[in-house]
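Okay, so here's the structure we're looking at.
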Amino acid sequence: MEGCRELGTKIINNSKQLVDRLSPIENLEANYTNYLIKLPYWMETLFSYLGQSLMEEGNLVEEKIQRWANAFGQRSSESEIPLDHALHFIFETRVVICEFLEEESITADTVTKICNNIHLQIDLAARSIVTHYTTFMHNTKKALQHTNRNLDISIAELNNIRTALFEATIFSITDKDNHIIQVNDHFCRLTKYDRNELIGQDHGKIFVSGVHSDEYLDHIKQEIKAGRVWNGEICNKAKDGSLYWVDTTIIPFLDPEGVAYQHISIQYDVTEKKKTEEILLKSEKVSLIGDLAAGIAHEIRNPLTSIGGLVQLFNESDPEKNAFYKDIILTEINRINFIVSELMVLAKPHAVYFSWFNITDSVQNVIDLMQPEANLRNVVISFEKQDRIPLVYGEKNQLTQVIINMIKNAMEALPNGGRIQLSAASSGDNIVLYIKDNGVGMTEEQKKRLGEPFYTTKFNGTGLGLMVCFKIIQNHRGTIEVDSVFNEGTTFTITLPMHSAANVEP
């Protein structure tokens, strides 16, 4: 991480020199002199932000790059710079930084980490500019459609957008009935279909993988029909039956009445990233199961001892006592069955399946599961909740794993016993979970590094638990905030968006 910060500083300090390395566009100077005068300033700022992205954590730098892209996109479109020319300078920064890294004495792992980070930031800027151009051209076309000459200019600009998108992304266009009318070569290579096999097919059916629920797919369709841009990760199935994941942005085009007449899909292949996340998720599950094993073994041993003793007391001549013993045995067996069932939530593999469920029931189930370990550690767990909590739309198994991890971390922060207080409440359009302990707390430096891969304050920790938790909550469009005071305790606040106020548990 320190090497990334040093290189980030070098990129910032050499931003002016890096601008000079950008390849020019032929014949651009003659027509866009005023634009080119300001261009070095714009690109120097972008290089500085990219350098900062290697030094800072959180969303602050991404927000800076987003604002930069919006301003640059507006200036470029108003100057009538073709989109492919504007994107040329964005993508050239990637080439220049890669060449710059080759001149530095750094390891291959560091180069890969930096390139992945820079790639994500540049894609963020490029997608913002494309979206800005699309909106600008739509407004321009409406304002100038009465003049053939102006309409011709709009069509030329749209052709430039099409060219840029075809070269830089996995791209498709579908009509109002979701039938494919155009795809690029990248799309064909990923799906393993020929272009003539795709044209006319229902985009929402031909690639269905079975990973997502019908409710999740219907939600996407409704968002598009409502004229809203949708962004998220989707698992699709290729022609040969293999599955792949794509980070997808779907942009509907609206007619003057506000009805979507077609939409474009811009995708990026994130299959390898998802495989890595799955490996980390499984690794953390194994760690959790191992940590819970002692408490669960103790909890199962108790009812088994009771069952064994009661079986020995069975007496054929005393049916009344036998019935009493039978009820106790069945109760103990049900207890064992519950413990094993909850443990299987972690152990068994499962598909990512979003559904409506009661998050407070999941919290209570986790508390019941971890109560034996809490008893062994002399930890008291309490849970307060509002009477009416809206349902959460999410992946139940993954969110359960987050809750288990949070409670486990809280117990490990109480080496001599203590209290863990959980609460759940709805706040505005969100559901908020609090996990508070009165344990050892954290220093400011420890708080800053929370979520980093392989960073841990535990003797036998993997350093993956919180990283996995942060990723799961991020995939659910939520947030995790941490408030901690050294030697006083820690509070984790998990915020999840409330998708429908109509779905409320009685």
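The values are calculated or read from the model by the stated rules, or taken from the named source; none is laboratory data. All values reported here derive from a predicted model rather than from experimental measurement. Glycine gets a Cβ as well: all are built from the backbone with ideal geometry, and neighbour counts include every protein chain shown. Just so you know, the surface numbers come from the protein's heavy atoms only, side chains and all, with ligands and any DNA or RNA stripped out. Shrake-Rupley method; radii C 1.70, N 1.55, O 1.52, S 1.80 Å.
In this structure, the amide hydrogen of E233, modeled 1.01 Å from its nitrogen in the peptide plane, lies closer than 5 angstrom to those of T248, counting only residues at least 5 positions away or on a different chain. With a Förster radius of 30 Å applied to the C-beta separation of C4 and T271, the computed FRET efficiency comes to 0.75. In this simple spin-label approximation, K38 and D361 carry label points 7 Å from Cα along the Cα→Cβ vector, and these lie 5.7 nm apart.
Taking packing as the residue-averaged number of other Cβ atoms within 10 angstrom, the listed peptides 397-403, 217-223 run from highest to lowest as 397-403, 217-223. Give K274/K408; K273/K385; K237/K448; K273/K408; K10/K447; K64/K436 a once-over and call out the pairs whose C-alpha atoms are over 30 Å from each other. The pairs that break the limit, which is 30 Å between Cα atoms, are K273/K385; K237/K448; K64/K436. Stretching the chain fully between N487 and Y434 yields a gain of 17.2 nm (0.36 nm per residue, less the alpha carbon separation). For the stretch 174-180, backbone phi angles converted through the Karplus equation (6.51, -1.76, 1.60; θ = phi - 60°) give residue-by-residue couplings of 10, 8, 5, 9, 6, 8, 5 Hz, Gly and Pro being listed as x.
A full extension of the chain between C98 and E167 corresponds to an added length of 22.8 nm, given 0.36 nm per residue minus the alpha carbon distance.
Distance from the Cα centroid of the stretch 244-274 to that of the stretch 372-388 is 44 Å (rounded to whole angstrom).
Taking all protein chains into account, the per residue accessible area for the stretch 369-413 stands at 38 Å² (1.4 Å probe).
Full extension of the chain between Q371 and V111 gives 89.0 nm of extra length, using 0.36 nm per residue less the Cα-Cα distance.
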